[in-house]
Structure formats: structure tokens, C-alpha cells
Amino acid sequence: MRKTLLFALLVSLFNVNTLFAVSGGSEEGGQIDTQEEIKDYIEHHLQDSHDFTLWTNGKTGTHIGFHLPVILWSDGLHVFSSSKFDHGHEVAESNGKYFALYHSKVYETNAEGEINLDEEGHATNSKPLDFSITKNVVGMLLASLLIFLGFNSLARGYHKRAIPKGVGRILEPLVIYVRDEIARPNIGPKYEKFIPYLLTVFFYIWILNLLGLTPLGFNVTGNIAITVGLALITFVVTQFSGNKNYWKHIFWMPGVPVVMKIILMPIEVLGMFTKPFALLIRLFANITAGHVVVMSLIALIITMRAQFGIVASSSISFGLAFFITLIELLVAFLQAYIFTMLSALFIGMAVEEHH
């Protein structure tokens with residue numbers, strides 16, 4: 001409990017200091033001091049990025065972090081450092097082609113960096129195929145590495161002793177919990193076949209959620225493309241694991257009149273796709289909402305300092321952000337649990353034998 005409180009305290013303190021620094025750190029204001037700029041700052045925090053930025057000085061505009069490799073395909077392969085973009089301020093040239101960043105997306109352009117917009121403000125420039133190592137990709141690789149190192153340590157510990165030590169003491173009860181409380185009751189006798197997948201998705205989502213609360217600024221599970229990918233894997237595993245009874249209940253429901261079978265068929269087919277859709281939306285919406293709430297509460301420093309002063313507004317914002325961060329620690333675990341539990345439930349429905 002003490003470690004949880006300390007973690008929430010450090011995260012809240014860092015976030016408050018970050019926005020305070022970006023806003024200029026004084027009552028005269030800085031780079032961010034209006035509601036529109038605060039909204040843009042929060043949206044920027046939620047977006048993926050071709051640069052890994054840890055800190056931005058609002059007075060000087062200096063970004064502290066490191067650049068990531070940009071990998072594009074447009075009439076050939078283009079590989080260069082994101083430093084060429086200078087955080088979206090410059091045009092990058094590669095093999096005679098020009099590329100520019102617009103709202104964190106890469107577009108083909110000319111030497112002047114012209115971006116054409118339609119009536120709704122959307123860029124109409126052609127987009128290359130983007131295989132870049134972005135900040136979210138770094139987060140996924142880091143989560144994968146942590147999972148590999150953690151379970152490798154747990155496996156080696158079992159070779160030496162019956163009771164694991166170190167990180168194994170944390171992983172073992174969670175592994176048993178996923179096996180006994182999620183997989184076995186929801187899948188049934190065939191649960192062992194799906195344990196590797198369920199353990200992977202549980203720890204992967206949980207670690208990514210926790211990384212999203214750190215000062216590293218990851219928002220991987222708040223990216224709908226990531227949640228779509230995770231839900232799609234569950235969908236594929238479910239459909240390829242389905243037995244004849246599962247498919248029979250979808251396309252020709254037993255025990256009901258023929259007319260009802262015809263009516264139920266499209267409903268059941270639609271249900272095949274609404275289940276993974278519910279998975280991806282639930283994870284995406286909850287994590288995104290959590291980040292927006294935390295950043296919005298911290299932004300009270302800017303909106304309230306004219307009435308209460310910088311000290312009072314900082315104290316109020318910090319207290320609220322600290323409370324919400326504690327809740328977000330619970331949500332990080334809860335969303336990993338719900339995604340894994342529902343995945344096990346859907347798989348169990350597909351492999352269940354007819355009674």
C-alpha cells in the first residue's frame with residue numbers, strides 16, 4: 001500500500017511540475033495559458049509521436065528526449081531520424097522526396113512543406129506507408145521485454161527452488177489468479193490450452209496501463225489501433241477454437257422453430273463481431289478517459305491561478321490529480337482483468353460441449 005501511494009504521489013507531482021513548466025511557471029503565463037492551448041496540450045499527450053519527449057520547457061521551447069527512426073515506403077524505402085522533422089517544424093528530404101508532419105501523421109509534400117486541407121480541415125496530401133518506430137511502439141517493446149524478463153526469472157526460479165524469489169513472488173500469485181479465477185471457471189476442462197494467451201494479454205495490458213501512468217508519457221492502450229489489434233487476436237482465437245456446437249448455435253440454432261432459426265442467424269453472426277468490438281471500445285475508452293481526467297485536473301493550475309494564485313491552484317490540482325491517479329492504478333489492473341476475463345468467456349462459449 002505504501003508503494004502504491006508513493007507511486008501515485010510521484011506521478012502526480014511530476015505531471016503537475018511538467019504542466020507548470022510548460023505554462024511558463026509564472027503568473028505572466030507562458031506557452032500554455034488558455035483553454036484552447038490546454039486542450040491542444042492534452043490531445044498532444046494522448047497522441048502517438050515520432051519523438052520520445054520527456055520534458056518541454058515552455059520558456060525556451062527546448063524538448064528533452066530522443067529521436068526515433070522513421071521508416072516510410074513511398075516509391076521505395078525511406079529511412080531517416082525523426083530529428084529531420086524537428087518536432088514538426090521542418091520538412092524532411094529523403095531520396096528526392098519530401099515529407100512533413102501534420103498532427104503527428106507523415107504526409108508527402110514539396111520542398112516548402114505545403115499541406116493542402118479540405119473544407120473540414122483534413123489534410124489531402126498523399127500518405128506514405130508508415131512503419132516507423134514511434135513512442136507507442138517503444139512502449140510495446142518495453143512491455144514485451146519486461147514480460148519476457150519477468151517470466152524468464154520466474155521459470156529459472158522454479159528450477160532452483162519450489163518457492164520463487166524476487167519478482168517471481170509478485171508474478172506467481174497473479175499467474176495462479178488468472179488460471180484459477182479467470183481461465184478455469186470461464187473456459188472449462190480445456191482451459192490449459194489457452195493459459196499462455198490469457199497470461200500474455202493480461203500482463204501485457206496491465207504493464208502498458210501502468211507505463212501510461214509514469215512520466216514516460218506512454219498512451220499505448222489509449223490508442224484505438226492497439227485495442228483493435230488485441231481484440232482482433234481474441235476474435236481469431238475464439239473463431240478458430242469453436243467446435244461444431246458453437247457454429248451450429250450461430251447458423252442453425254437447435255431447439256427452436258425454423259422461422260426463428262432464420263431470424264436468429266443474422267443476429268448471432270452480428271454477435272460474433274459485437275463481442276470483440278465491446279472489448280476494444282471498453283479498454284480504449286476507459287484508459288483514454290483516465291488520461292483526460294488526470295490532465296484536465298492538473299490543468300486547473302492554469303485556469304484557477306488568476307482567482308486563487310499559483311500556490312493555491314497548484315495545491316488543489318495536485319490533490320485532485322493524486323486522488324485520480326490512485327483510482328487509475330486500480331483501473332490499470334481492472335481493465336486488464338476485464339479484457340482477459342471476457343476473452344476467456346468468449347473462448348469458453350466457443351469450446352463448450354453441448355449439454
*Any residue at all in segment 211-220 that is in a helix (DSSP H, G or I) and among the β-branched types (Val, Ile, Thr)?*
no
*How many residues are under 15 Å from Ser144 (Cβ atoms) and among the β-branched types (Val, Ile, Thr) when one looks only at segment 206-233?*
5
*Given the residues Asn186, Asn125, Asn110, which is the only one that is of a type in the set (S, T, N, Q), exposed (fewer than 13 other Cβ atoms within 10 Å of the Cβ) and either more than 24 Å from the chain's Cα centre (by Cα) or over 26 Å from Thr214 (Cα atoms) (or both)?*
Asn110
*asked:* I'd like the residue in segment 120-150 that is part of a strand (DSSP E or B) and not acidic (Asp, Glu) and, out of all such residues, is modelled with the lowest pLDDT.
replied: Ala123
*Verdict on Ile133 being surrounded by 12 or more Cβ atoms within 10 Å (Cβ to Cβ) and farther than 29 Å from Gly212 by Cα*: no
*asked:* Where the second residue is among the acidic types (Asp, Glu) and modelled with pLDDT of 65 or more and the first is under 16 Å from Leu210 (Cα atoms) and lies in segment 288-304, which pairs have Cβ atoms under 7 Å and are six or more apart or on separate chains?
replied: Gly290/Glu328; Val294/Glu328
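Residue-by-condition table, conditions (1) β-branched (Val, Ile, Thr); (2) within 16 Å of Met349 (Cα to Cα); (3) buried (at least 20 other Cβ atoms within 10 Å of the Cβ):
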site	(1), (2), (3)
Ala225	no, no, no
Val237	yes, yes, no
His249	no, yes, no
Met260	no, no, no
*Residues Leu210, Leu199, Leu154: which one is in contact with a helix residue (DSSP H, G or I) (Cβ under 7 Å, 6 or more places away or on another chain) and modelled with pLDDT of 90 or more?*
Leu199
*Tally time: how many residues in segment 173-191 are at pLDDT 90 or above and either among the charged types (D, E, K, R) or in contact with a Pro (Cβ under 9 Å, 6 or more places away or on another chain) (or both)?*
4
*Test each condition in (1) without any contact (Cβ under 8 Å) to a residue 40 or more places away in the chain; (2) over 30 Å from Gly348 (Cβ atoms); (3) aliphatic (A, V, I, L, M) for Val138 and report the one that comes out false.*
(1)
_Residue satisfying all of: in segment 163-174; under 15 Å from Leu149 (Cα atoms) and aliphatic (A, V, I, L, M); surrounded by the fewest Cβ atoms within 10 Å (Cβ to Cβ) among these_ = Ile170
*asked:* Restricting to segment 292-348, name every residue that is aromatic (Phe, Trp, Tyr) and either surrounded by 20 or more Cβ atoms within 10 Å (Cβ to Cβ) or at pLDDT 65 or above (or both).
replied: Phe318, Phe322, Phe323, Phe333, Tyr337, Phe339, Phe346
*How many residues are exposed (fewer than 15 other Cβ atoms within 10 Å of the Cβ), within 27 Å of the chain's Cα centre (by Cα) and farther than 17 Å from Ala123 by Cα when one looks only at segment 85-106?*
1
*Inspect segment 240-252 for any residue being touching a residue at least 24 places away in the same chain (Cβ under 8 Å) and either in contact with a Ser or Thr (Cβ under 6 Å, 6 or more places away or on another chain) or of a type in the set (Val, Ile, Thr) (or both) and give the result as yes or no.*
no
*asked:* For a quick check of your reading of the model, give me the residue pairs whose first member lies in segment 108-123 and is under 16 Å from Leu72 (Cβ atoms), whose second is in a loop (DSSP other than H, G, I, E, B) and modelled with pLDDT under 85, with beta-carbon atoms closer than 8 Å and at least 6 apart or on different chains.
replied: Ala123/His103
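The values are calculated or read from the model by the stated rules, or taken from the named source; none is laboratory data. Since we're looking at a predicted model, the values are computed, not measured. Don't worry about glycine lacking a Cβ; one is built from the backbone with ideal geometry, like all the others, and counts go over all protein chains shown.
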